[in-house]
Ligand SMILES: [Zn+2]
């Protein structure tokens, strides 16, 4: 039985029995881990002091029979350092953090470490708790996630003909092809979006107007939806709260 200590953020929480919950946490050094928190609903005063809620960040100790085994690990201690409740004052920022937690949980494998993605999730949650603009925060998070999972699209050349991004003319984005398409290459593809140049600028972190930020968010979300094989259930609520 391995006893493991790590930093973590709570991505998902599900009631398991009268007294226990199953958690999906994203840890800094061990990636996503599924844990059972026995007795968590009965007592909050000793080993799970200060509560344990969605989007909380903290330090945990858990025991696992074998690292990388499919079975649930067992949470033995949790010390919260930042409460997810700090996000509850503003619906758009809460939904933005929930959006990030959902895609991180969907697009990472158990026990696959991504310390930079861990930092990216925590940076997004902390920035949102401090009042950062949610769309911009999420675009930065989407960029970090796509880089970490190796699915960041090619945005400086056409994925069809490999020529550098043309300076003029309409551009397209294809999720299946994994990046930009020029006007010469787009006609052969059915899966594509027309891409505004200001949106592209924002996607590569070279633009700063709010309308482009929301368009960049939508294009990255479109790509993430393809990768997940399903839409993010938080998307519609998030967009209507912005
Ligand atoms: Zn092309």
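Rule-based calculations on the coordinates, nothing more; no lab input. Note that this is a predicted model, so its numbers are computed, not measured. Every residue, glycine as well, gets a Cβ built from its backbone with ideal geometry; the counts of neighbours run over all protein chains shown.
Quick notes on this one:
- When the convex hull of its Cα atoms is projected in every direction, mean area for region 2-144 (nm²): 7.9 nm²
- Point-to-point label distance, residue 16-residue 63, nm (Cα→Cβ direction, 7 Å offset): 1.3 nm
- Take the Cα of residue 130, step 7 Å toward its Cβ, do the same at residue 190, and the gap between the two points is 4.8 nm.
- The spacing between region 50-91 and region 107-171, judged by their C-alpha centroids, is 24 Å.
- Using the Cβ-Cβ distance between residue 183 and residue 241 with R0 set to 35 Å, the FRET efficiency works out to roughly 0.45.
- Each peptide in 134-140, 26-32 receives the mean, over its residues, of other Cβ atoms within 10 Å, and ordering these scores from highest gives 134-140, 26-32.
- Label-point separation in nm, residue 176 to residue 3, each point 7 Å along Cα→Cβ: 5.3 nm
- Taking every alpha-carbon pair in the chain and binning the separations at 10 Å intervals from zero gives 7, 30, 31, 19, 10, 3, 0 percent.
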